[in-house]
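Data first, discussion second: the structure below is written as structure tokens.
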Amino acid sequence: YGALALTTLGLMGAGALFGLYVWASKDLPSITKISDYRPPQVTTVYARDGSIMGYFFREKRFLVNLDQMPEHLPLAFLAAEDARFFEHPGIDLKAIARAFVANMRSGGKPREGGSTITQQVVKRLLLTPERSYERKLKEAILAYQLEKYLSTAQILYIYLNQIYLGNSSYGVEAAARTYFGKH
């Protein structure tokens, strides 16, 4: 009877998860939009002598490829944001569990996040920043799909050029120029 009860509970749980997946994925945006990544960039105004007179932008961003970045820069972001980036399929269940426990210990107040870099890319480019379980579930589904659609290098490239780093700086190149005056 115990094995039958466990099997029944397992099937009911699997059915509930499938139903939740079907419900959440009914109106998802297409991930193919991300592969055509063309974010707003800075327009640079030059003087006749070639010196820079100024910039026009809504989002201060200069696109740079991964091979143009110092070797340790992407590694630093991975260490801080998603140490298991190359190991998980877009969602990191260990990080979600860790964040859940930490947030419950703090009285249910969000203190720690469990989002992967892939989930952050999905949230920023395809979804709204609203805080809801429905948005989080959609984010997880899309992150899983995105990991199958793009390489991890492509996702990391988008992330490092999309992330807001303060002072109107979007992406690592804009932040480097803003804070350090260097490429």
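Using a 1.4 Å probe on the protein chains only, how many percent of the accessible area of the chain belongs to carbon and sulfur? Please list the in-between numbers first.
Numbers: 7150 of 11980 Å².
That share works out to 60 percent.
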Could you tell me which residue out of 171, 101, 156 lies farthest along the dipole of the chain toward its positive end? Charges go on the beta carbon: Lys and Arg +1, Asp and Glu -1, centred on the Cα centre. 101
Helix 117-126: inclination vs the chain longest Cα principal axis, degrees, rounded to 10, gives 80
Working from Cα positions, state the angle (0 to 90°, nearest 10) between the long axis of helix 152-162 and the longest principal axis of the chain. 60
Within the chain, longest stretch clear of exposed chymotrypsin sites (Phe, Trp or Tyr not before Pro) (DSSP loop, no more than 12 other Cβ within 10 Å): 87-183
Compactness index (Cα Rg / 2.2 N^0.38 Å), segment 70-149: 1.12
Might you tell me the accessible area per residue for the chain, computed with a 1.4 Å probe and given in Å²? 65
Inverting the mean 1/r over all pairs of different Cα atoms, compute the Kirkwood radius of the chain and quote it in Å. 18.9
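Restrict the search to segment 130-183; then list the GluC sites (Glu not before Pro) that DSSP places in a loop and that have at most 15 other Cβ atoms within 10 Å of their Cβ.
Details: sites: 130, 134, 139, 147, 173; in loops: 130.
In loop regions of segment 130-183 (DSSP not H, G, I, E or B), the sparsely surrounded GluC sites (Glu not before Pro) are 130.
Once every DSSP H run of n ≥ 4 in the chain is given -39500 (n - 2.57) and the sum is divided by its residues, what mean residue ellipticity at 222 nm do you get, rounded to the nearest 500 deg cm²/dmol? Don't skip to the answer; put the middle values down first.
On the way: 8 runs with 97 residues, N = 183.
-16500 deg cm²/dmol, from helical runs alone.
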Could I have the simple spin-label model distance between residue 38 and residue 12, label points 7 Å from Cα toward Cβ, reported in nm to one decimal? 5.3
Note the direction-averaged projected area, equal to a quarter of the hull surface, for the Cα convex hull of segment 1-102, in nm². 12.3
For all pairs of alpha-carbon atoms in segment 144-183, what percent lies in each bin of width 5 Å, listed from the first bin to the last filled one? 6, 26, 21, 17, 12, 10, 6, 2
Using the Cα centre of segment 28-183 as the reference point, and only Cβ charges (+1 on K/R, -1 on D/E), how large is the resulting charge dipole? Debye, rounded to the nearest 20. 500
Between the helical axis of 72-81 and the dominant principal axis of the chain, each derived from Cα atoms, what acute angle in degrees is found, rounded to the nearest 10? 40
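What's the longest bit of the chain with no exposed trypsin sites (Lys or Arg not before Pro), using DSSP loop states and at most 14 other Cβ atoms within 10 Å as the test? Intermediate results must be reported in sequence, preceding the final value.
On the way: sites that count: 26, 48, 58, 84, 111, 131, 182.
Segment 132-181 is the longest.
The values are calculated or read from the model by the stated rules, or taken from the named source; none is laboratory data. What you see is a predicted model, and the numbers here were worked out from it, not measured in a lab. Because the Cβ atoms are built from the backbone with ideal geometry, glycine has one as well, and the counts that use them run over all protein chains shown. Just so you know, the surface numbers come from the protein's heavy atoms only, side chains and all, with ligands and any DNA or RNA stripped out. Shrake-Rupley method; radii C 1.70, N 1.55, O 1.52, S 1.80 Å.
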